[in-house]
Amino acid sequence: MSPRHHPSVDVLAAYASGTLESGFGLVVGTHVEGCAECRRQVSQLQALSGEALRALPQAEMAGDALARVMARLDDAPVPAARIETDRRPLLDRLPLKPRKWITPGVWVAAVDTPHDADNRVYVLSVAPGWPTARHEHTGAEFCTVLKGAFRDEIGLFQAGDFAATEGELNHQPIVQGDEACVCLFATEGRLKPQGLLGRLAFGYANV
Ligand SMILES: [Zn+2]
């Protein structure tokens, strides 16, 4: 099944050029690995050398320049995907620190990966019937669903789907289906959890 929620072109461009903060890059890369459409876009963006960008007239760099460059590239040959194929489940390949159980249905594990000290990179697993922690964001949050599904105000997110939120948002995703929903997160700054479960879960994630 192809993912239905993808990073924006701006996020893919930052990922392709290696300028995304590494924790956030891990979350985007996890989506890209499982998404043929985004692999194609990343390959095209990488094929755009700095020379090609510099060759564009200055005026074209404003506004929708990237979209127009992408449109031109749609007819270009697509380089072979450079993403390595590892057949193990994604969850088994992430370098997770020990799981910390928040409740019998909820665990969180930090990802042992380089990232900005102000950010958090972690996996959160929530079993069906367990509430996720209502929380506010003060910065950006990227999420790729590894297993299961959740629904929030934006829609249904299933394995492989990518979600990004920016700035002040107060939301509470609900786990769908009958298996635990496991998601990889990168979060900018500290979360402002609400309620006891939120304080417990994100207290751990903020360690
Ligand atoms: Zn995608």
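Residues that are at pLDDT below 80, among the small types (Gly, Ala, Ser) and more than 17 Å from Phe24 (Cβ to Cβ): does the range 169-187 have at least one? So far as the range 169-187 goes, no, none of its residues is at pLDDT below 80, among the small types (Gly, Ala, Ser) and more than 17 Å from Phe24 (Cβ to Cβ).
Restricting to the range 2-20, name every residue that is open to solvent by 70 Å² or more (accessible area, probe 1.4 Å) and more than 12 Å from the ligand (Cβ to nearest atom).
Answer for the range 2-20, where residues must be open to solvent by 70 Å² or more (accessible area, probe 1.4 Å) and more than 12 Å from the ligand (Cβ to nearest atom): Asp10, Ser17, Thr19.
Residue check: is Val32 at pLDDT 75 or above and out of contact with any Cys (no Cβ under 7 Å at 6 or more places or on another chain)? Criteria not met by Val32. Scanning the range 30-45 for residues that are closer than 10 Å to Pro7 by Cβ and part of a helix (DSSP H, G or I) yields a total of 5.
Do you know which residues across the range 120-145 are surrounded by fewer than 20 Cβ atoms within 10 Å (Cβ to Cβ) and either closer than 13 Å to Leu94 by Cα or modelled with pLDDT under 90 (or both)?
Gly129, Trp130, Pro131, Arg134, Glu136, His137, Thr138, Gly139, Ala140
Among the conditions (1) in contact (Cβ under 8 Å) with a residue 24 or more places away in the chain; (2) in contact with a Leu (Cβ under 9 Å, 6 or more places away or on another chain); (3) of a type outside the set (Ser, Thr, Tyr), the only one that Ala109 does not satisfy is (1).
The values are calculated or read from the model by the stated rules, or taken from the named source; none is laboratory data. As the structure is a prediction and not an experimental result, all values here were calculated from the model. Cβ atoms come from the backbone with ideal geometry, glycine included; neighbour counts cover every protein chain shown. When the accessible area is computed, the model is the full protein with side chains, heavy atoms only, and any ligands, DNA or RNA have been set aside. Shrake-Rupley method; radii C 1.70, N 1.55, O 1.52, S 1.80 Å.
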